[in-house]
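In what follows, a single structure is set out as structure tokens and then discussed.
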Amino acid sequence: MDLSLNDEQKMIAESAVVFLQEKSTTAQVRKMAESEDGMDRGLWQEVVDMGWCGVALPEVAGGMGLGWRELVLLQEQMGYHLACVPFFDAVIALTPLWQSLSQTEQGLPVVERLAQSGQICVLGMTVRGDLPAAAVVKADGDALVLNGQWNQVGSGAHADVFLLPATLPCGSLGLLEVDARAEGLKVQALQTVDATRSSADVSAVDVRLTGAALLMHGDALSKLWAQTRNLAAIGLAAEQVGVAERALDLAVDYTKEREQFGKAVGSFQGVKHRAAQMLVKVETARSAVYAAAFIADTAGDATDLTYFAAQARTDATEAALFSTRESIQLHGGVGFTWEFDPHLFFRRAQASSQRMGTVEQWREQVAARLLDEPFESVAEAA
């Protein structure tokens, strides 16, 4: 497995670095986080205009026809610069759905209408990435009537369109397109630890929809949801790598300037060892993420990505948590103050550690599969 970047991928990563260095400075991040809206809508429009929302969409749907390796490069830089845009929820988490719908004659117009329109579309997904338990659809003549609750929907406070899973009258799972302004739909913004990312509780009371609102249903949707959770976890892991690397860079820059006993703190062996530990965790996590993205691009839709998503997710979560904590410690007394930046990345690391399943949940899932599956099938997956 060759995880080195080709020329096109290097260009994508470098362009993202240059763009976000200018557009998502920590000063701008603080300004957006402290604003009433909490989202940098100007930056979001520029992201849309540059075509980043369609990086992994097929060309027939107006996308670039690239893959998850390119997406994770962008998401890594989103984490490094704490960009206040819903790129993870509106692009990463939805790409598997857009890719699937693009393959059907009925679904392609939906993708063309929503995927790169600039509208913020988000999935009604639980924090863990599972399906909500209580959401049902009833038939009323030609109309569909939706009732349900979807808690802590990522970027829900900024959504223009919700894609909400619910149980259909026939008993199968369905995914419905619901306008955020639909009558009977309530969106309650939540206060979050990470002010650079929004969340909301969404509830529907007798929301009336047409049959065209049903985008996908049945076994196809159930299988896609499982794959979506794995791919979204890989994307979130890429963001965590960016967060971890930025925490390391902040710590290194500060300890080079801070002096004790007439010497830069960064010259002390104990400080160097701590920075080295951070670097090892960052690079280990990055390798896991790139490997998972490589498998997602090359192994086919039928491949179970659970093991690779779990590896990327656990390594990246631990790297982000460790590096942000160490960065605060290496900043000394000022590391805990609002004026310095480490706490911004610590907050993102903490909040992201609970999304798409915790490290413990991923390990339990893998352990259950290892105990239940034959050794041969596990070896093939690895």
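A few remarks follow.
- Computed over segment 24-123, the alpha-carbon pair-distance distribution with 5 angstrom bins reads 2, 13, 24, 24, 17, 10, 6, 3, 1, 0, each value a whole percent.
- Computed lengthening from residue 8 to residue 291, 0.36 nm per intervening residue step minus Cα-Cα distance: 100.1 nm
- Label selected from (1) 67, 58, 33; (2) 81, 54, 37; (3) 80, 59, 42, the criterion being Cα extents along the principal axes in Å as computed here: (2)
- 3J(HN,Hα) along segment 18-30, derived from phi through the Karplus expression 6.51 cos²θ - 1.76 cosθ + 1.60 where θ = phi - 60°, amounts to 4, 5, 6, 4, 8, 8, 10, 6, 5, 5, 5, 4, 4 Hz, with x in place of Gly and Pro.
- Peptide ranges 360-369, 188-197, 56-65 listed from the most packed, as the mean C-beta count within 10 angstrom indicates: 56-65, 188-197, 360-369
- Heavy-atom surface of the chain, accessible at 1.4 Å and reported per residue (Å²): 45
- A simple charge model with +1 on the Cβ of Lys and Arg, -1 on the Cβ of Asp and Glu and nothing else charged puts the dipole of segment 187-343 at about 280 debye relative to its Cα centre.
- Taking the Cα centre of segment 1-67 as reference, the dipole from Cβ charges on Lys and Arg (+1) and Asp and Glu (-1) amounts to some 160 debye.
- Note, ³J(HN,Hα) from phi for segment 71-82, Karplus 6.51, -1.76, 1.60, rounded to Hz, x at Gly and Pro: 4, 5, 5, 5, 5, 4, 6, 4, x, 4, 9, 6
- Estimated distance in nm for a label pair at residue 205 and residue 279, the labels positioned 7 Å out from Cα along Cα-to-Cβ: 5.8
- Amide hydrogen neighbours beyond the local backbone of residue 152, cut-off 5 Å, H modeled: 200, 201, 202
- Nearest-ten-degree value, helix 359-372 long axis tilted from longest Cα axis of the chain: 60
- Computed over segment 88-173, the P(r) tail beyond 21 angstrom holds 38 percent of alpha carbon pairs.
- Counting protein heavy atoms only, segment 29-169 has 47 percent of its accessible area on carbon and sulfur, 1.4 angstrom probe.
- The angle separating the long axis of helix 342-352 from the principal Cα axis of greatest extent in the chain is about 30 degrees.
- Binned Cα-Cα distances of segment 266-382, short to long, each 10 Å bin given as a whole percent: 13, 34, 30, 16, 7, 1
- Ordering of 240-247, 143-150 by packing [mean C-beta count within 10 Å, highest first]: 240-247, 143-150
- Length released on extending from residue 103 to residue 37, taking residue separation times 0.36 nm less the Cα-Cα span: 20.2 nm
- Directionally averaged projected area (convex hull, Cα atoms, segment 223-303), nm²: 5.9
- Calculated mean residue ellipticity at 222 nm for the chain: -16000 deg cm²/dmol, from DSSP H runs with n ≥ 4 weighted as -39500 (n - 2.57), summed, divided by the residue count and rounded to 500.
- When the Cα positions of 132, 75, 250 are compared along the charge dipole of the chain, 250 comes out farthest toward the positive end, with charges on each C-beta of Lys, Arg, Asp and Glu.
- Paramagnetic reach from residue 367 (point 7 Å along Cα→Cβ, amide N under 18 Å) across segment 262-295: none
- Over all Cα atoms in segment 1-56, the spread is summed up by Rg and Dmax: 14.2, 46 Å.
- For the chain, the Cβ-based charge dipole about the Cα centre amounts to some 1020 debye (Lys, Arg positive; Asp, Glu negative; other atoms uncharged).
- Packing order of peptides 349-355, 181-187, highest average first: 349-355, 181-187 (average count of other Cβ atoms within 10 Å over each peptide's residues).
- Summing +1 for each Lys or Arg and -1 for each Asp or Glu among the other residues whose beta-carbon sits under 14 angstrom from that of residue 9 gives -4.
- Computed over neighbours whose Cβ is under 10 Å from that of residue 326, the net charge equals +3, Lys and Arg +1, Asp and Glu -1.
The values are calculated or read from the model by the stated rules, or taken from the named source; none is laboratory data. Just so we're clear, the structure is a prediction, and the values are computed from it rather than from any experiment. So basically every Cβ, Gly included, is an ideal-geometry build from the backbone, and we count neighbours across all protein chains shown. Remember, those area values only see protein heavy atoms, side chains included, never the ligands or the DNA or RNA. Shrake-Rupley method; radii C 1.70, N 1.55, O 1.52, S 1.80 Å.
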